[in-house]
Amino acid sequence: MNATARVQTWIDERLNLEEALSPLREKTVPVHRHSTWYFLGGLTLFLFGIQLLTGVLLLLYYHPSAGEAYESVQNITNRVQFGWLVRSIHSWSANLMVFCAFAHMFSVALARAYRKPRELTWISGVILLFLVLGFGFSGYLLPWNTRAFFATKVGTEVAGQLPVLGHAIMVFMRGGEDVSGATLTRFFGLHIAILPALTIGILISHLMLVQKFGASVPESVEKDWEKHPERKKEMLFFPNFFLRELIGWYAALAVVIALAVFLPSELGTKADPFSPAPPGIKPEWYFLAQFQTLKLIPAHILSLDGELLGILGFGLGGAAWLGLPFIEDFVGARRVRWVKVGIIFVMIYLASMSVLGYVSR
């Protein structure tokens, strides 16, 4: 035995890696005309890995205080070697991660992959999407620039509109009545400690559920295979599918680096709590649909506060999305097509409101 084989044998005798990896070697992935959508989950995971790596590098130079945050990001951008590149990669990979997470979620929803016995897989995936949005909201304030400051002020005011506990939630998020250095500190702790811990824990559970139940097959393909069993095809996850996924990761890395180089992330001006909000302030693109909806809702609807109704509507919508598998069971097999129509409507609504929010002044 050569040195590599001896080391491998020594490790395997103690950790029994051969037995631990055997499920991966036996795992298969269905092959059909919609198989491309399977790559979105792994792509989202890869971009999350980039976030962790670049986030750790940024932490080496970042100072989470109102007096030093902007200057530390400025130092990273202008003086630290390749600091501008790492920061831009962090920013662009975050945006692409959110996009891939949404695309993955809607592809799963349209394929009805949340059906029994994959209800918990769906629920853990939706919770992961909520956590990803939490990353975006909490990380947006950290550069402490003007746009992030006022966008955070508006975002926390929305939470303050909730009945009974709204004001208490807003004060807790801000660390006081106004957005200040205390808000920055809280968002920093949320962004680099609480959210990563929750995300990694739920992500492990999600991957274990995917491993247990395997990849779902769209209903149309499932029916076709029942009629024509000879058409059913599968490939081994490792190495066949994994190598294909690896190519996708390389492509995603190339896109992220290209965007970071040719469209580097801008810093803007330092936040001044005493200056008025600049005109046309908007949140990040993944919050534009909610932002635009609240703008279009009348101030009062049947003597009720319109903004409050909008916020409650978003909350109920999120709860319904989380419980989609149970809603489908409740409506029955005959009305399942209306569930799919509802999913398509949500996609069109979010896309159209986001575009309208982007172009509107």
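The values are calculated or read from the model by the stated rules, or taken from the named source; none is laboratory data. Keep in mind the model is a prediction, meaning the values are calculated, not measured. Reconstructed Cβ throughout: ideal geometry from the backbone, glycine too, with neighbour counts over all protein chains shown.
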**Report entry** Subset of the stretch 155-175 [surrounded by 16 or more Cβ atoms within 10 Å (Cβ to Cβ) and touching a residue at least 12 places away in the same chain (Cβ under 8 Å)]
**Finding:** Gly155, Thr156, Val158, Ala159, Gln161, Leu162, Met170, Met173, Arg174
Requested in this report: Would you check if there is a residue in the stretch 335-344 being aromatic (Phe, Trp, Tyr) and surrounded by 16 or more Cβ atoms within 10 Å (Cβ to Cβ)?
Outcome: no
Requested in this report: Kindly indicate the residue of the stretch 66-88 that is touching a helix residue (DSSP H, G or I) at 6+ places or on another chain (Cβ under 6 Å) and of a type outside the set (A, V, I, L, M, F, W, C) and also farthest from Val255 (Cα to Cα) among those meeting that condition.
Outcome: Thr77
Query raised in the report: If Val221 passes every condition in (1) surrounded by fewer than 16 Cβ atoms within 10 Å (Cβ to Cβ); (2) within 21 Å of Arg115 (Cα to Cα) but one, which one does it miss?
Result: (1)
Query raised in the report: Counting residues that are more than 25 Å from the chain's Cα centre (by Cα), which helices (runs of 4 or more DSSP H) fully inside the stretch 178-285 reach at least 1?
Result: 181-189, 219-227
**Report entry** Positions within the stretch 109-136 being under 16 Å from Ser205 (Cα atoms) and either modelled with pLDDT under 90 or of a type in the set (Ser, Thr, Tyr) (or both), in sequence order
**Finding:** Tyr114, Thr121, Ser124
Requested in this report: Select, from Val98, Val80, Val73, the only residue that is farther than 21 Å from Phe242 by Cβ and without any contact (Cβ under 8 Å) to a residue 40 or more places away in the chain.
Outcome: Val80
Requested in this report: Could you pull out the residue among Trp144, Trp122 that is on the phi > 0 side of the Ramachandran plot, surrounded by 15 or more Cβ atoms within 10 Å (Cβ to Cβ) and either free of Cβ contacts under 8 Å to residues at least 60 places away in the same chain or not acidic (Asp, Glu) (or both)?
Outcome: Trp144
Query raised in the report: Of the residues in the stretch 143-182, how many are under 20 Å from Ala277 (Cα atoms) and touching a Lys or Arg at 6+ places or on another chain (Cβ under 6 Å)?
Result: 2
Requested in this report: Answer yes if at least one residue in the stretch 65-76 is at positive phi and hydrophobic (A, V, I, L, M, F, W, C), and no otherwise.
Outcome: no
**Report entry** Elements of type helices (runs of 4 or more DSSP H) in the stretch 1-82, at least 3 residues being modelled with pLDDT of 95 or more and surrounded by 12 or more Cβ atoms within 10 Å (Cβ to Cβ)
**Finding:** 39-59, 69-78
Query raised in the report: Which of the residues that make up the stretch 41-63 are without any contact (Cβ under 8 Å) to a residue 40 or more places away in the chain and of a type outside the set (Gly, Ala, Ser)?
Result: Leu53, Thr54, Val56, Leu57, Leu58, Leu60, Tyr61, His63
